[in-house]
Amino acid sequence: MKLLPCSAAKTTSPVTQNTVEDEMEMATVRHRPEALELLEAQSKFTKKELQILYRGFKNECPSGVVNEDTFKEIYSQFFPQGDSTTYAHFLFNAFDTDHNGSVSFEDFVMGLSILLRGTVQEKLNWAFNLYDINKDGYITKEEMLDIMKAIYDMMGKCTYPVLKEDAPRQHVETFFQKMDKNKDGVVTIDEFIESCQKVSN
């Protein structure tokens, strides 16, 4: 945890230290208390967890929203060996639920809440939304291939064993063999959820 330089230089008792941290959290909470209370009710995070998330979010994005370029820049730090630009674009669009070109703290928390603590159904709906790039309610082979190529690019060329050039396409074919139950060339949300639940059982 980062503390103010003046408080870090002093030696404080644990009680005083907690008071400083509590005051810092309360200062953060005062910025938008109604929003945090509403998010606590809507998400699966506690008030304390939301305060910590908000502090980190504001540290990275002082304006309170993240545009796509900033999101890509932050995300690329997790995958320095590859190019995460395209996958970060798809991920950004999945977090940007109102499609306004930015991810707010609320967007971020609701997505994270589903990914970390959502039900299997909620997680599968979120994943389907990620793969359904054009948001028409279907996953096409082209969309899945775009996602798979983005994942391979993100992982970089230094994977072991070394991946074959056609590996993304092979994964897409396998995906469609398992998921496209009626063989119409697209995967619906129902086919996706049913197939994923069979695999997990």
Margin query: Residues that are over 18 Å from the mean Cα position of the chain (by Cα) and loosely packed, with under 13 Cβ neighbours inside 10 Å: list the helices (runs of 4 or more DSSP H) wholly contained in segment 107-201 that include at least 2 such residues.
Written below: 167-179, 189-200
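Report the residue count in segment 70-104 for those that are in contact with a Gly (Cβ under 6 Å, 6 or more places away or on another chain) and part of a helix (DSSP H, G or I).
Summing the residues that are in contact with a Gly (Cβ under 6 Å, 6 or more places away or on another chain) and part of a helix (DSSP H, G or I) in segment 70-104 gives 1.
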Notebook entry, point to check: Which residues, taken from segment 65-84, are in contact (Cβ under 8 Å) with a residue 40 or more places away in the chain and over 16 Å from residue 111 (Cα atoms)?
Noted result: 79, 81, 82, 83, 84
Next item on the list: Would you confirm whether any residue within segment 70-84 is touching a Phe, Trp or Tyr at 6+ places or on another chain (Cβ under 6 Å) and open to solvent by less than 70 Å² (accessible area, probe 1.4 Å)?
Entry: yes
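The values are calculated or read from the model by the stated rules, or taken from the named source; none is laboratory data. Just so it is clear, the structure is predicted and the values come from calculations on it, not from any experiment. Positions of Cβ are generated from backbone atoms using ideal geometry, with glycine treated the same way; all protein chains shown enter the neighbour counts. Side chains included, ligands, DNA and RNA excluded: accessible areas come from the protein's heavy atoms. Shrake-Rupley method; radii C 1.70, N 1.55, O 1.52, S 1.80 Å.
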